[in-house]
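The structure appears below as structure tokens.
The values are calculated or read from the model by the stated rules, or taken from the named source; none is laboratory data. Since we're looking at a predicted model, the values are computed, not measured. Every residue, glycine as well, gets a Cβ built from its backbone with ideal geometry; the counts of neighbours run over all protein chains shown. Side chains are part of the model used for accessible areas, which takes the heavy atoms of the whole protein and leaves out ligands, DNA and RNA. Shrake-Rupley method; radii C 1.70, N 1.55, O 1.52, S 1.80 Å.
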Amino acid sequence: MPGTVVLSRDAHVVEKIIIENTTYTSNRKVHRDSLIQFYRIPGEDSQSGQIEEIFLHTRAGPNGDPLTEYFLVVQPFNPLSPAQAKHDPYLKFPLLDVRLHHKELLVGLVIRAANVIGHVACCPYKAGLPEGNMQVVLALSRGISAFL
């Protein structure tokens with residue numbers, strides 16, 4: 001049928017992927033290399049989360065030729081509610097690209113490797129918001145040098 005994309009059921013799980021000289025792995029391999037900032041869909045707000053799996057998938061491209069692409073299964077960190085976000089002290093400094101999140105992970109979603117922005121660092125947050133297990137999430141993307 002014209003305009004229909006035929007997907008192969010074959011996917012090859014890989015241990016790691018290197019994007020712009022930076023290594024990313026699943027949580028099972030190296031935890032710190034699995035923490036990322038990403039776009040679910042380019043143009044939307046970025047999210048942060050943890051890579052659960054990386055796989056290589058080949059399908060038929062628009063002209064019928066094989067198209068091979070890396071995908072990641074990512075569990076986003078649970079964001080703060082709007083009421084909680086009002087108390088996030090890091091939102092006063094948007095250029096730092098630091099936010100509070102719950103430590104709990106949401107249901108996994110599949111993203112293209114091209115939608116990875118970079119790594120994030122996470123550390124516990126003990127002050128202020130009593131409801132939930134919070135963490136500070138700091139983006140480590142190399143694009144910050146554009147602001148200097």
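Any residue in segment 104-125 that is open to solvent by 80 Å² or more (accessible area, probe 1.4 Å) and farther than 26 Å from Val14 by Cα? Looking through segment 104-125, none of the residues is open to solvent by 80 Å² or more (accessible area, probe 1.4 Å) and farther than 26 Å from Val14 by Cα. Considering only residues in segment 48-68 that are within 21 Å of the chain's Cα centre (by Cα), open to solvent by less than 50 Å² (accessible area, probe 1.4 Å) and not β-branched (Val, Ile, Thr), the one that is farthest from Val137 (Cα to Cα) turns out to be His57. When segment 59-91 is filtered for residues that are farther than 15 Å from Val110 by Cα and of a type in the set (S, T, N, Q), the ones remaining, listed by number, are Asn63, Thr68, Asn78, Ser81, Gln84.
Of Phe147, Phe93, which residue is out of contact with any helix residue (DSSP H, G or I) (no Cβ under 9 Å at 6 or more places or on another chain), surrounded by fewer than 17 Cβ atoms within 10 Å (Cβ to Cβ) and either more than 26 Å from Glu20 (Cα to Cα) or modelled with pLDDT under 95 (or both)?
Details: Phe147 fails: out of contact with any helix residue (DSSP H, G or I) (no Cβ under 9 Å at 6 or more places or on another chain).
Going through Phe147, Phe93 in turn, the sole match is Phe93.
Taking the conditions (1) open to solvent by less than 40 Å² (accessible area, probe 1.4 Å); (2) under 17 Å from Ser141 (Cβ atoms); (3) in a strand (DSSP E or B) in turn, Asp33 satisfies each one other than (3). Has segment 69-89 got at least one residue that is open to solvent by 50 Å² or more (accessible area, probe 1.4 Å) and farther than 30 Å from Ala127 by Cβ? Within segment 69-89 (the criterion being open to solvent by 50 Å² or more (accessible area, probe 1.4 Å) and farther than 30 Å from Ala127 by Cβ), the answer is yes, since at least one residue qualifies.
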